[in-house]
1. Could you state, as a whole-number percent, how many of the C-alpha pairs of segment 1-142 are farther apart than 17 Å?
2. Using the scaling law 2.2 N^0.38 Å as the reference, what is the normalised Cα Rg of segment 8-61?
3. Quick one: grab the alpha carbon gyration tensor of segment 191-232, order the square roots of its eigenvalues as a ≥ b ≥ c, and give me rounded if a/c is under 1.5, else prolate or oblate depending on whether a/b is larger than b/c.
4. When the helices in the chain are scored as -39500 (n - 2.57) per DSSP H run of 4 or longer and the sum is shared across all residues, what 222 nm value do you end up with, to the nearest 500 deg cm²/dmol?
5. Send over a whole-number figure in Å² for the accessible area per residue of the chain, probe 1.4 Å.
6. Would you be so kind as to identify which of PHE25, HIS119, SER50 lies farthest towards the positive end of the dipole of the chain, taking Lys and Arg as +1 and Asp and Glu as -1 on Cβ and the Cα centre as origin?
7. Among GLY32, GLY106, GLY176, which one shows the highest mean-square fluctuation when the chain is modelled as a Gaussian network with alpha-carbon springs under 10 Å?
8. Counting only protein chains, not ligands or nucleic acids, how are THR3, THR219 ordered by accessible area (probe 1.4 Å), most first?
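The values are calculated or read from the model by the stated rules, or taken from the named source; none is laboratory data. Computed from a predicted model, the values in this text were never measured in an experiment. Don't worry about glycine lacking a Cβ; one is built from the backbone with ideal geometry, like all the others, and counts go over all protein chains shown. Accessible surface areas use protein heavy atoms only, side chains included; no ligands, DNA or RNA. Shrake-Rupley method; radii C 1.70, N 1.55, O 1.52, S 1.80 Å.
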Amino acid sequence: MITLQMKLSDIVKAYPRAVDIFNDFHIDYCCGGKDHLLDALKELSIDPKSFMDVMNKKLADAKNKTSNGEVLNVDQLMDMEVPDLIDYIIDTYHTKERRLIAEIDGLMNKVLLVHYEHHQSQLVSLHSLFSDLKKELEEHFAKEEKLVFPYMKKSFSESKSDGYVKELEDEHDAAGDLIKEITACTNDFKAPEGACASYRMLFEKLNELIKDIYNHIFTENSLLFPKYEGGR
Ligand SMILES: [Fe+2]
Ligand SMILES: [Fe+2]
């Protein structure tokens, strides 16, 4: 049973379908996974009782899927050893997000050019935020794949004080801040009235990327890192 005193990450571990509800309410369960539900609700001025009513109803209604048909298989991920979990993260999240970033990059440039006259303020801000996010993620993935993850695979069974977890968590926070700005800039991924197919596709792909990043950061911050550090 979910209580207001639970940490967000523990709620997702116990009820992966809660991800959809957290996304709907803009509750940050990935970078903010260590926060307690009550504090997260207060921060967003959400009435706890109404939220719990929605949460319990949705969790009772939903079968075993999230809105995009996928569910975080937390039980299976929690059983993995550090090296296997790292391979899973690269194969699943890094691969998919690299593909989405490339698709969005092309669409972004096209939509910026075609709709510059009428949607300049939204598109210039979005272009700049996406460029920053792309840069952050590409450098972050390279650091994980070439430096930190190989090190973690070798040293996960030893005691360590390498500071890598803190570094990666800080980078996740920076990406999380950009994501919040992108969500606001796109009015929660709602394309303007009468937007063309490319404009709508751009927003859909951005939304897909951001939902994937949330699951990705959750998997690293709340599953991989505690496992690496020996149960935090
Ligand atoms: Fe990653
Ligand atoms: Fe990461």
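1. 70 percent
2. Ratio of Cα Rg to 2.2 N^0.38 Å: 1.01.
3. Because a/c hits 1.5 or more and a/b exceeds b/c, segment 191-232 counts as prolate.
4. -20500 deg cm²/dmol
5. 52 Å²
6. Farthest towards the positive pole: SER50.
7. Judging by the Gaussian network model, the answer is GLY106.
8. THR3, THR219
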